[in-house]
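Read through the structure below, which is laid out as structure tokens, and then see the notes.
Since every read-out is calculated from the coordinates, none of them should be taken as a lab result. Nothing here was measured: the structure is a model prediction, and the numbers come from that model. Every residue, glycine among them, receives a Cβ derived from its backbone with ideal geometry; neighbour counts consider all protein chains shown.
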Amino acid sequence: MTGMRLVRGPVAAIRAYMAHPDPLVALANVVALLVASNQPFYPLYLYFLVSERIEPSFYTFLSTPFFLAVPALARINTLAGRALLPLAGIGNTILCAWLFGVQSAVEIFLIPCAVLALLLFRPRERLVGLAVAGFAFLAFLFLHGRYGAPVVAYDPVQYHALVRLNAMSAAALTCFVALAFSNLLAAAEASRKPAADRDG
């Protein structure tokens, strides 16, 4: 019983930290903490799936505080909190492209960043979303091929494994965001239906 309480305490604290009455902010909070919680495992994925040369991956932890700060910033300013999530993702992707090289296909993470930028903002905030999404596209257009030699270089077989890891991770993140947004739309439709029934 004591062990369960020890587990429930931190879980409850995390849920309270993620919670927000604005569903778009709540979605951003969930995604931000999901990414932050997964980052410590990235060196392990590299070690077991790609190569023992994982030292540069520890630099990716520089972005972790920004992901963790999304819910806190959203409590102060919901627009800034939502914008911080894709911006932190874009920054982390640029860092990883410099560390591992464009051969790693890590720039594919710019796709879920752009998707988040387009989904997290309401029509009246559309300019902010377009600006952040545009930043993701510009990061690829202007930086691709201009990073220079990567901090760590792998052989073709290892790069193939790294490409597969990054592609699967980016695809999984994009699917999670799409599913979460679909659930958000379904909840909004369900809440409107009783009101429509009463009006009828």
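Side notes on the structure shown:
- Each Lys and Arg contributes +1 and each Asp and Glu -1, all at the Cβ; summed about the Cα centre of segment 1-142, the dipole is approximately 540 debye.
- Our coupling estimate for segment 10-15, obtained by passing each phi through the Karplus curve with A = 6.51, B = -1.76, C = 1.60 and θ = phi - 60°, is x, 4, 5, 5, 5, 4 Hz, Gly and Pro reported as x.
- Sequence ranges 117-128, 142-153, ranked by mean other-Cβ count within 10 angstrom, highest first: 117-128, 142-153
- Placing unit charges on the Cβ atoms of the charged side chains and taking the dipole of the chain about its Cα centre, the candidate lying farthest along the positive direction among 119, 131, 25 is 25.
- Cα gyration tensor category, rounded, prolate or oblate, for segment 101-189 with a/c compared to 1.5: oblate
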